[in-house]
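The values are calculated or read from the model by the stated rules, or taken from the named source; none is laboratory data. What you see is a predicted model; the values in this text were computed from it and never measured. Cβ atoms come from the backbone with ideal geometry, glycine included; neighbour counts cover every protein chain shown. Note: areas computed on protein heavy atoms with side chains; ligands, DNA, RNA excluded. Shrake-Rupley method; radii C 1.70, N 1.55, O 1.52, S 1.80 Å.
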Amino acid sequence: MADEHDEKLHSEKPLTTDETGEAAVQPDTAASTEPNTDSESAPAPEPAIESDGDAPATETPQEKKNRKPLFITLGIVAAAAVIFAAVFAINGIEDAGAKTALEDAIAEDPIITERVIPSTWGDQSGFKATSVSVKDFDRGLFAPDATASLYVKAENGSYELKDFIDVQCEKQGSDWKITQAEVIREEYAPTAPVSDEALLAHLPEIMAKADEGKENLAYINPPSVADFFGIDTEAAVLSNELTLGEDEAQIKLTRMIDGVAHEGTLDVVLEWEDNAEPPDWEIDYVLADEEAEGAIGSVVRDGVSGDVTASQQADIDALEGSSGRFWSQFQQRMDCVEGSPYCFIGFANLAINDCDMQFSVTSNETGETLYESPVIPPDSCLDYFRLAEPLEPGEHSVTVQYTAFGDGWRYANTTETDRDCMIYTKARSR
């Protein structure tokens, strides 16, 4: 039984012979359940080419051959790009070096270091470059020369200079040298006030400016700063500062007359004029303080006092003078400013008089003589008198007494007293 069982387990299908004479496997009709209706057997399917994911199909030798020129062309282009990039990089490095050399060269060029800017307040020179930048640089590939536009800032301690300069340069050995430079546009402005020496050198012009404003007033004979302080005067700059484009200065003036120091201060303002040709400082205005006005007016001068207008002069001219008769003019209210020793009285010995005059001021509060004037000739005046000590703010009752001197044979001295007078001292603003 065992042998029979083994035989059945290992039996094979019988072989048949096809037309070629080779053995073929006999179809297992028992295993096939569908009838074969075709007269001939269906052709076997062609074997498929297996693919691994997205891998491309195998390239043929012809395709590889056709692609080779493309690879060669791309290689040539890439090599050329690398070469050109290297060339331009080298040229760029040279350009950068040339720009640096230009910046260093222009800073030491006479066009900057020897520049002189004209000014009526003193020419400006001695400039040193503080910054240089190349705004435009034009050079051919590895060319031995180039052109450039530079922007330069320079200072000399008083001015700041801004230059736009076109230059031509060439390579000499390993260095770049400027062969030509031209300032296309220059701008400059002050960074410091005018020097004290320049202010004092322009003192006559400054004093004339102080008098200029008085010409617009109605008074016909205002005191003149230039006339009074224009001779035998010492001047000193008390302050001098640049503020918001203006130079603000104070100048103290001192003139000695008969051993008495007459002092005053001028407030000076200079303004920078960009539109002037060339741009420069100009005197904007000058004001004489109360001390200066008082000092000027405390000395006898020609004409009527500084507060007389043209219409008042016409009234004066209508007066008639005669021997022994005289006319005087002065303020019954005399004004002072707190802290100042000067009081405005406007005393005039009119031109129609033929005698000298003199006046005195006495305090009704203390009986003290506050002031006694010098002799005042006809057609002369004394605008201010000077107190020994300034008075406190407020009203102070005084007596003014004036004398007309006779000639000794036609008429005697005449003394008049006006008790209805006052000194008003104005308090300064705090």
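Spin-label model, Thr233 to Ala427: label points 7 Å out along the Cα-to-beta-carbon direction sit 3.4 nm apart. The accessible area of Asp138, taken with all protein chains in place and a 1.4 Å probe, comes to roughly 100 Å².
Taking all protein chains as they are arranged and a probe of 1.4 Å, the heavy atoms of Leu253 leave approximately 0 Å² accessible to solvent. Given their separation in residues at 0.36 nm each and the Cα-Cα distance between them, Asp166 and Thr415 gain 81.3 nm when the chain is fully extended.
For the stretch 288-430, the dipole from Cβ point charges (+1 on Lys and Arg, -1 on Asp and Glu) about the Cα centre works out to 100 debye, to the nearest 20. What is the stretch 191-289's relative contact order, in percent, from Cα pairs under 8 angstrom and six or more apart in sequence? Reported as a whole number, the value is 23 percent. Carbon-plus-sulfur accessible fraction, the stretch 196-249 (probe radius 1.4 Å, protein heavy atoms only): 49%. Here the relative contact order of the stretch 98-223, from alpha carbon pairs under 8 Å that lie six or more residues apart, stands at 18 percent. Relative to its Kirkwood radius, the Cα radius of gyration of the stretch 254-403 gives an Rg/Rh of 1.09. Residue separation of Glu186 and Lys135 scaled by 0.36 nm, minus their Cα-Cα distance, works out to 16.8 nm of gained length. Over the stretch 93-148, the alpha carbon radius of gyration divided by the compact-protein estimate 2.2 N^0.38 Å works out to 1.48.
The accessible-area ordering, largest first, of the residues Ser131, Ser305 stands as Ser131, Ser305, per a 1.4 angstrom probe.
Placing +1 on each Lys and Arg Cβ and -1 on each Asp and Glu Cβ, with no other charges, gives the stretch 200-352 a dipole about its Cα centre of roughly 1100 debye. In the stretch 297-430, the portion of solvent-accessible area held by carbon and sulfur atoms comes to 45 percent [1.4 Å probe, whole percent, DNA, RNA and ligands not counted].
For the stretch 133-235, lysine pairs separated by 8 or more sequence positions, or belonging to different chains, with Cα-Cα distances below 28 Å total 9.
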